[in-house]
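Working notes, beginning with the structure itself.
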Amino acid sequence: MKKRMLSKEDVKEALRILAATYPDADTELNFHTPLELLIATILAAQCTDKRVNEITKELFKKFKSAEDYIELTEEELEPWIRSCGFYRNKSKNILQTCRIIVEKYNGEVPKTREELIKLPGVGRKTANVVISNVFGQDAIAVDTHVFRVSNRIGLANAEDVTKTEEQLMKNIPKKKWSEAHHWLIFHGRRICKARRPHCEKCPLTKICLYYKSLS
């Protein structure tokens, strides 16, 4: 099957436009510490950032450290996160993760992707969010927005998130990985929506392969 991807020049132009359109793009999860972002990102699976922020507003007031969480049972944590999807499984993963952080990492969230993805409930996307936003490492976290938008535009041409991440890492300069991740999320939430993308107000129509396919 013929590859459907933007040229190098069009990739540069797409990134330039996204940067100009979303100059203040950043994570919309509220956090103050690496542990808070890790927990918020675990909770964000199949849940909106808005809902997660409502949950963590009270959760983070009560529980400050991994040591605080491991004092709880799963049943005691569940009411705090009940309004979040899959709360029973997330409660289990959060407590197991905090226990490992205390026992293996002296209460500190590990700083490498390889260590993070070994924690319960932490996949590559979550690990990339953490190392990018709190540890300043270049990374692209491919969530549903990044996957959809990058493949529509032509920054990637893949059928799964792993290959999408690989292609984005190849097509986007490393120093822009983290920024591009946020640009694509903002674009997916505001314009390039799943069911009905608002192409009529999109600044990328001149180069977007999805838009060109409509004509």
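No lab work stands behind these numbers, since they all come straight from the coordinates. Fair warning: this is a prediction, and the values are worked out from it, not measured in the lab. Every residue, glycine among them, receives a Cβ derived from its backbone with ideal geometry; neighbour counts consider all protein chains shown.
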- line: Filtered hits (lysines, Cα-Cα < 17 Å from LYS175, offset >= 8 within chain) -> LYS8, LYS12
- request: Indicate the gyration tensor shape class of the range 34-133 (rounded, prolate or oblate), computed on the Cα atoms with a ≥ b ≥ c the square roots of the eigenvalues: a/c under 1.5 is rounded; otherwise a/b larger than b/c is prolate and the rest oblate.
  value: oblate
message: Quick check on the exposure proxy: order SER178, SER91 from fewest to most C-beta atoms within 10 angstrom.
response: SER178, SER91
field: Within the chain, helix-based [θ] at 222 nm, where runs of 4 or more DSSP H residues each add -39,500 (n - 2.57), nearest 500
entry: -17000 deg cm²/dmol
query: Which shape class applies to the range 7-76: rounded if a/c is under 1.5, otherwise prolate when a/b exceeds b/c and oblate if not, where a ≥ b ≥ c are the square roots of the Cα gyration tensor eigenvalues?
result: prolate
message: Under 37 °C and 0.692 mPa s, how fast does the chain diffuse according to Stokes-Einstein, given a Kirkwood radius computed over C-alpha pairs? Answer in µm²/s, whole number.
response: 180 µm²/s
statement: Whole-Å distance linking the alpha carbon centroid of the range 141-215 with that of the range 16-69 is 22 Å
- request: Can you put MET169, MET5 in order of Cβ neighbours within 10 angstrom, beginning with the fewest?
  value: MET169, MET5
task: May I ask for the net charge around VAL161, where only other residues with Cβ less than 12 Å from the Cβ of VAL161 are counted and Lys, Arg are +1 while Asp, Glu are -1?
output: -1
- request: For LYS50, list the lysines whose Cα falls under 23 Å from its own Cα; do not include residues on the same chain fewer than 8 positions away.
  value: LYS61, LYS62, LYS64, LYS90, LYS92, LYS125, LYS193
- prompt: If you add up the charges near HIS182, with Lys and Arg at +1 and Asp and Glu at -1, over every other residue whose beta carbon is less than 10 angstrom from its beta carbon, what do you get?
  reply: -4
query: Residues with beta-carbon under 14 Å from that of GLU75, excluding GLU75: net charge, scoring Lys, Arg +1 and Asp, Glu -1?
result: 0
task: For the range 64-73, just list the computed ³J(HN,Hα) in residue order, Karplus coefficients 6.51, -1.76 and 1.60, θ = phi - 60°, integers in Hz, with x standing in for Gly and Pro.
output: 9, 9, 4, 4, 5, 5, 6, 7, 8, 8
field: Where GluC sites (Glu not before Pro) in DSSP loops with at most 14 other Cβ within 10 Å are excluded, longest remaining stretch of the chain
entry: 1-70
message: Please list log₁₀ I(q)/I(0) at q = 0.13, 0.18, 0.23, 0.24 Å⁻¹ for the range 50-108, using the Debye equation with identical point scatterers on the alpha-carbon positions.
response: -0.31, -0.59, -0.93, -0.99
